[in-house]
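Chemist: Below is the structure I would like to discuss, written out as structure tokens.
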Amino acid sequence: MVDPTPRSVKSVKSRLDTIKQGDEAQHSVSKVQSHFLVPSDKLDKITRRVIAPYAEIERKDVKEEVREGPYLDINRFNVFLEDTVDLNSLLYETANVLKAVTNSSGVFVYIVDPIKNEVVLMTQNTKNPERHEVNIPIEEGKIASAHVAFTKEYLVIEDVQRDRRFAEGLKWVDAKVALCMPVLKPDGDCYAVLELFRTHCEPYDHNIIYTVVSVACWSGAAVHQAQARITLQKTAHLNSELRTLLHNYFCDLASIDTMLTDMLAVIKSFIGAMRSSFFIIDREHIGEHLQADMWDDGWSSENTTMPRRKMKVNLSQEQTPAGLVARTGQVLNLRDVYRDPRFTKEIDPTTGTVVRTSLVAPIMDKNGVIGVVQLTNKTNAHPFDTDDEMIFSVFVNYCSLIVHFYNMQTKKIYHENLNKVYSNLMGLHLLPCRHDLEELMETNGVVLPPPNFKNYNYHISEGSKEDMPGLVCSMFVETFADRNFERQNLADFVLTVLLSYRDNPYHNAEHAFVFTHTMYLMLVNNTGYFDFVETAGLMLAGLCHDLDHPGFNNNYLQLTRHPLASMYRSSTLEHHHYFLAKKIIEGILMTTSDLSGSCKPFGVAKAISEAVYEEFYNQGDKERALGYTPLSMMDRRRYLNQPPEQIQFLSVVVIPCLMIVQTVFPNTGPLLENCRKTQEAWHEEIAIRGQKLWRQSVSVPRASRNLFNANTDTATN
């Protein structure tokens, strides 16, 4: 008898084709239903539980309820939603139900092992882990079950004993006809093969084939969903465990050794490995040798939770899976490391355990491999499967965070120590010259101020700039320092601060002195307004307010991506001055003192403004060289705009500030008076620059003019 169904037909067939073929068959039924009816007398308790998801069971003495449309009770799927479901056991029970439904003499169930490329014959006692396994290589044209696992198509054998394709028959029984059905998952992988057989010659008709196809398709989907659900549950649990460990680590509640030991124990428990190892590659010193720090939690039989760390391993020379992954960046799932010629035969000397299976993954970033994670030997002696790889990939993602954070912490510790070294070095270079300190201490740390020192018109240019340290000490002694500071410590501090100013045209030690002098006059002429702490803070801030000024403003530092600009988001220079001086106080007084150069007599104020412009022009020249257009006040080509710019600056910034200060301290009136005189002097400067210069050509009379008219015109112009 010839099988009317072509061999090329897939296991999942169209329902309409199946119905059509069923109508033509000898043993056809009147109507094919998706939920086929099963006589209840043929089903026992276990069978009812298994068949419930696929079939409507015929009930005696119960009137069938008519339902319109498709009907499927969700409770029928509860068995597949249990976390402890044994899929292989359930599949075996399903096969026995199909045996009863299809009137078969028996059934065999083969589970596909994709790693070994074999089908494994299940025995009835599926819960016994020590059961005897019969393994058959998956190949075409030898054993029927292996053939179906290879082709993934169902197979009907109408005469087992005479079918030359499978000379060994069904191998286990004396069967006449057989139906081999693959259980395919939605991703196309074959999970199992069901082999129904009859010892009598009645062939399987199309309705029975349709029934088995339907159950096999549903079983494959159920297996896939159950496996995916279990994997997702494990992944969610693993995520929760790892987040907790990382939180403790990132919050400095656990060391790197403790955290990695705990993480290795977690992943070893989730996947069922006997050993886990963690490698962090030293990317800072990569050369001929690939050095790495290694953490290893030991074999599961050792029962220890102590953090373990092997300081350094050389992955470039070791013939190990971890070394190969570190060099290639490829994931490895090895079935038998011991027999692999690429690796050394590793046997643990303590436990005598042989390294057989290994799952190794690289930890990557944009520059390459930064670490390696390795699992060794499963506790059930099986190789690592695809579900293990999926769970392991989640763990590896967390490992990348660990490695990055570990490298950041390592760099942080390194740079903290480096900063300490630089700070000590800077402190040595900032120490004042011993001769300068001795010279200053000859006068008991102070210099006798000149007669007009307590006048707002005084400027250091009237004397010697070498006297600045002694004059600063004199101001500090009179305002606050004599009560709480030793003269030698004060002299040391003042000399160090003045030496920390750069040799800029304007933001230099002279500017700091002028600032401090103006603040000093405000304080001594208005006693009682500030207590000791406020007075000391204002004087110290005055001396240190532009400490180590680079000669460029904040915008330029940000424009050129200066390291200072990356350290502070705003007020870059102010933060830098504070960092060096450890003291800075902002207020109305501070601004007035900073602008006090404009409140000097015009000759001094003009010299100070020229120094400011020279510093601005230096920055403008650099900005133009970078391709930017500098501001007008920083553009050397627009130097003729200095007088109107100074008038506007005095009107908008300086004079309003002085008026506020005078309201609080009336005796600061000379500052405002000098500022107004300076403003008038700049107006006169504009008027002078506006006159035409004498030219020889204008003195030569033209033919149409007499000498008197020419002189008159010249005078008029």
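The values are calculated or read from the model by the stated rules, or taken from the named source; none is laboratory data. The model shown is predicted, which means the values in this text are computed figures rather than measured ones. Note that each Cβ is placed from the backbone with ideal geometry, even for glycine, and that neighbours are counted across all protein chains shown. For the accessible areas, the whole protein counts, side chains as well, though only heavy atoms, and no ligand, DNA or RNA atoms are used. Shrake-Rupley method; radii C 1.70, N 1.55, O 1.52, S 1.80 Å.
Chemist: Could you give the length gained by full extension between residue 532 and residue 115, i.e. 0.36 nm per residue of separation minus their alpha carbon distance, to one decimal place?
Modeler: Fully extending the segment from residue 532 to residue 115 adds 141.9 nm.
Chemist: So how far apart, in nm, are the two label points at residue 163 and residue 233 if each is 7 Å from Cα heading toward Cβ?
Modeler: Inter-label distance under the simple model: 3.8 nm.
Chemist: Take the cross-link list 600/622; 268/345; 142/378; 378/411; 116/366; 312/378 and give me the ones stretching past 29 Å between alpha-carbons.
Modeler: Over 29 Å apart, Cα to Cα: 600/622; 142/378; 378/411; 116/366.
Chemist: How much of the accessible area of the stretch 485-526, in percent, comes from carbon and sulfur atoms when a 1.4 Å probe is used?
Modeler: 45
Chemist: Can you order the peptides 369-375, 418-424, 101-107 by their average number of other Cβ atoms within 10 Å per residue, highest first?
Modeler: Final packing ranking: 369-375, 101-107, 418-424.
Chemist: Further question: For the residue pair residue 431 and residue 248, what label-to-label distance in nm results when each label sits 7 Å from Cα along the Cα-to-beta-carbon direction?
Modeler: Distance between the two pseudo-spin positions: 4.8 nm.
Chemist: Same structure, new question: Quick one: if the Förster radius is 22 Å, what FRET efficiency do residue 354 and residue 269 give, using the C-beta to C-beta distance and rounding to 0.05? Please list the in-between numbers first.
Modeler: Working: r = 22 Å, r/R0 = 0.99.
So, using R0 = 22 Å, E works out to roughly 0.50.
Chemist: With a 1.4 Å probe and every protein chain left in place, work out the accessible area per residue of the stretch 404-488 in Å², rounded to a whole number.
Modeler: 68
Chemist: Follow-up. Stretch residue 382-residue 569 to full length: gain in nm at 0.36 nm per residue minus the Cα-Cα span?
Modeler: Full-extension gain reported as 61.7 nm.
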